[in-house]
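Asks: The structure is given below, and queries will be raised subsequently.
The values are calculated or read from the model by the stated rules, or taken from the named source; none is laboratory data. Everything numeric in this text was worked out from a predicted model, so none of it was measured. Counting neighbours? That spans all protein chains shown, and the Cβs are built from the backbone with ideal geometry, glycine included. Protein only, heavy atoms only, side chains kept; ligands, DNA and RNA dropped before computing areas. Shrake-Rupley method; radii C 1.70, N 1.55, O 1.52, S 1.80 Å.
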Amino acid sequence: MDAPDSAAQTPDDVYTHGHHESVVQAHAARTAANSAAFLVPHLAAGLSVLDVGCGPGSITCDFARLVEPGTVLGLDRSEEIVAQARALAEERGLTNASFTTGNVYDLDLEDEAFDVVHAHQVLQHLTDPVAALREMRRVAKPGGIVAVRDADFHGMSWYPELPELEEWMDLYQRIARHNGAEPDAGRRLVSWMQEAGFTDVAPTSSNWLYATPQQRAWQARVWGERVLHSAFAEQALDYGFAQQADLERIAAGWHRWGSSADGWFLIPNGEVIARA
């Protein structure tokens, strides 16, 4: 399978979340156990893994332990984030994990190079997820795995049903769609896989749940900060979708939800294991 012509086909994607500290902290809390359990049974010693959109590397480094003495390559478009991932691998003493910057639409990698290609919460931010999947398929070995997992924003549910969180959801949807992205990606993964040419597709789903006092406090703090300080906030203001007072009200709503003794926030995720 030929690589795409990057000059002609690479979209100009805008990352809705950005890389504010509150975003990176949230991503760094992800592990193979809490975010890639659907893939873990398919990992074994000696496999080669490509982790597309690796972020700060917490899942990638877990993969490295699971496939030793195999190798894991983490790829992200941000050099700053790649540097953090490298530091994490060094901190954990991993010698089989490496990291590089790259473009998911035009991977600077050989055909059929990896046993497993993984992308977590990536496709929802792309203007052309099918093109990305085709490129991921290109670098997977025949019979190898392409594994993806994405949240489904309109599938999220919470209690108490605060109006500020409804406003947050509406604002997030508007921003993401203005960026040409698909925030309800989870329910579309099978469709995208089929369009990308995969015929052996196994879908599953799993949730993130925030319902204990500690979980609620963490989720409220992270999103309270993101609403005010991340790329989400910048884009909301730049696009004219919100005023600063709106963002402050939504952030306060997140903290009000976090202090609710009966608070509940459920994030459903679609997952797919596909064979190249």
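Asks: In a Gaussian network model over the chain where Cα atoms closer than 10 Å are linked, find which of 194, 243, 84 has the largest mean-square fluctuation.
Replies: 243
Asks: Leaving out ligands, DNA and RNA, what percent of the accessible area of segment 21-128 is carbon and sulfur, probe 1.4 Å?
Replies: In segment 21-128, the share of accessible area belonging to carbon and sulfur is 48 percent.
Asks: Further question on the same structure: Of all GluC sites (Glu not before Pro) in segment 42-146, which ones are in loop regions per DSSP and have a Cβ with at most 11 other Cβ atoms within 10 Å?
Replies: Hits after loop and neighbour filter: 110.
Asks: Quick check on the chain: what does the Kirkwood estimate of hydrodynamic radius come out to from the alpha carbon pairs, in Å?
Replies: One over the average 1/r among Cα pairs gives 19.2 Å for the chain.
Asks: With every protein chain kept in place and ligands, DNA and RNA left out, what is the accessible area per residue of segment 77-180? Probe 1.4 Å, answer in Å².
Replies: 41 Å²
Asks: Along Cα→Cβ, 7 Å out, is where each label goes; now give me the distance between the ones at residue 177 and residue 92 in nm to one decimal.
Replies: That separation, rounded to one decimal, is 3.8 nm.
Asks: For segment 178-217, what are the per-bin percents of Cα-Cα distances with bins 10 Å wide, up to the bin holding the maximum?
Replies: Distribution as computed: 22, 33, 28, 15, 3 percent.
Asks: Roughly to the nearest percent, how much of the accessible area of segment 185-276 is carbon and sulfur, given a 1.4 Å probe?
Replies: 50 percent
Asks: OK, next. Run lengths n ≥ 4 of DSSP H only: what is the helix-derived mean residue ellipticity at 222 nm for the chain, with -39500 (n - 2.57) per run over all residues, to the nearest 500?
Replies: -12000 deg cm²/dmol, from helical runs alone.
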